[in-house]
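The values are calculated or read from the model by the stated rules, or taken from the named source; none is laboratory data. Since this is a predicted model, take the numbers as computed values, not measurements. As a convention, Cβ positions derive from the backbone with ideal geometry for all residues, glycine included, and neighbour counts pool all protein chains shown.
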Amino acid sequence: MTGELDTREVLESDESGFGRKPRLHRAAVRRWEKRYNKDQDRREARLGSTDRIAGYELVEWLGDGAWGAIYRAHQLSLDRPVVLKVMRPEIAEDETRKAAILAEARRVARVAHTHLVCGLDVGEVDGRPYFAMEAAEGRTVEDHLKDHGRLPERQTLRVGAKIARALHATHAGLLVHRGVRLRSLLITNQGVPKLTDLGPASLESARDLADEGHASTAWYVSPEIVRGETSGDPASDLYALGACLFHMLAGVPPFDGDTPEAVREKHVMSPPPSLRALVPSISEATDAILKRCLAKRASDRYLNGKELADALEAAATTQARTAPVAQAPAAPVTGGGSRRATKGQAPVTRRQRRRRRR
């Protein structure tokens, strides 16, 4: 909300002749003033009055993340769009947490993969760290699922394989994502699947992410995280990806309930559901892959993202081979009695055949 409103002037001009209206108007003005002041405080807390940070020009505020404000920005030196995350002042005052976030950001910036939204730069402004990331435009799988329902099997397998390889690169860089979910799977405007949300926010425990109050926050959390055995590790990331793929194929998550606590209990106690029981057209190979991804014990799952990607690609290839082949349309026939022409020849009509006989 922009602009300023002189509430005293408005109230004085509306005091007479309107019965109850001045009181209603005064309440509306107070609500407006409260919202405006709150937004103003948040703007000042984010950056103050500057619109540039160490070679970046801020274009648009996108929202607030786990540890700071998120901006669409322009990197001046390379003339390219980026996403810029700037740490909140209260977090920057905690030197221990600030150091951990900076170290994590530098590790993220060293990991590069085609199907990963990569980190580009790390720095500080006025004692507040910032983190620049690749700007990828597109739609999340979560949005696609809401608008169009479950995805085709072969497309899901291919997307899953690419995300699994991005996770393998992440784990090879000694990083754990901890937040793999449908909203972190992006399909760019060019049709390229990318894993997003890898960054310093991944230091937050996946268990904390599953305690946000809605059952959906616990849809993709692994049993070992629920049991408190880990705050997140590569096996938990692969479990979360398996739960995402199940959701994409079935249209519903593998485990659901009225509360996060109910969903977490099912992740620990209930056996992996059968995808074919919900969608009979799903192949047995795909069903087996997802059952292994959702195994209760981490040792029963795939060893790493590469092994999972290989399995998904093999299943997608089998799907392509066994898919029914569309019949080619028959060549058009002209004239009531004309015979089909051979390649490179025009059809022969009855009149032409009669002339040849003469």
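Key figures
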quantity: The stretch 296-311, residues that are surrounded by 18 or more Cβ atoms within 10 Å (Cβ to Cβ) and without any contact (Cβ under 8 Å) to a residue 24 or more places away in the chain; calculated: A311
quantity: Condition check for E142: assigned by TED's automatic domain parsing to the domain that holds S283, in contact with a strand residue (DSSP E or B) (Cβ under 8 Å, 6 or more places away or on another chain) and closer than 27 Å to H171 by Cα; calculated: yes
quantity: Residue check, A235 among the aliphatic types (A, V, I, L, M), out of contact with any Pro (no Cβ under 7 Å at 6 or more places or on another chain), in a helix (DSSP H, G or I) and at pLDDT below 95; calculated: no
quantity: Whichever residue in the stretch 252-290 is of a type in the set (S, T, Y) and closer than 15 Å to G242 by Cβ and, among such residues, is modelled with the highest pLDDT; calculated: T286
quantity: Hits in the stretch 216-234 (condition: over 26 Å from H144 (Cα atoms) and either crowded, with 24+ Cβ neighbours inside 10 Å or without any contact (Cβ under 8 Å) to a residue 60 or more places away in the chain (or both)); calculated: I225, V226, R227, G228, E229, T230, S231, G232
quantity: Count - residues of the stretch 236-270 that are surrounded by 23 or more Cβ atoms within 10 Å (Cβ to Cβ) and either free of Cβ contacts under 8 Å to residues at least 24 places away in the same chain or closer than 19 Å to A288 by Cα (or both); calculated: 17
quantity: Of residues in the stretch 224-257 being over 18 Å from the mean Cα position of the chain (by Cα) and of a type in the set (D, E), the one farthest from R297 (Cα to Cα); calculated: D256
quantity: The stretch 90-110, residues that are over 24 Å from H168 (Cβ atoms), surrounded by 18 or more Cβ atoms within 10 Å (Cβ to Cβ) and small (G, A, S); calculated: A92
quantity: Checklist (1) surrounded by fewer than 18 Cβ atoms within 10 Å (Cβ to Cβ); (2) assigned by TED's automatic domain parsing to the domain that holds D233; (3) over 13 Å from the mean Cα position of the chain (by Cα) applied to R158, failing item; calculated: (1)
quantity: Qualifying residue in the stretch 131-138 (condition: over 16 Å from the mean Cα position of the chain (by Cα), modelled with pLDDT under 95 and not in a loop (DSSP other than H, G, I, E, B)); calculated: yes
quantity: P200, sole failed condition from (1) at pLDDT below 95; (2) surrounded by fewer than 24 Cβ atoms within 10 Å (Cβ to Cβ); calculated: (2)
quantity: Hits in the stretch 235-273 (condition: of a type in the set (G, A, S), touching an Asp or Glu at 6+ places or on another chain (Cβ under 8 Å) and closer than 30 Å to A169 by Cβ); calculated: A235, S236
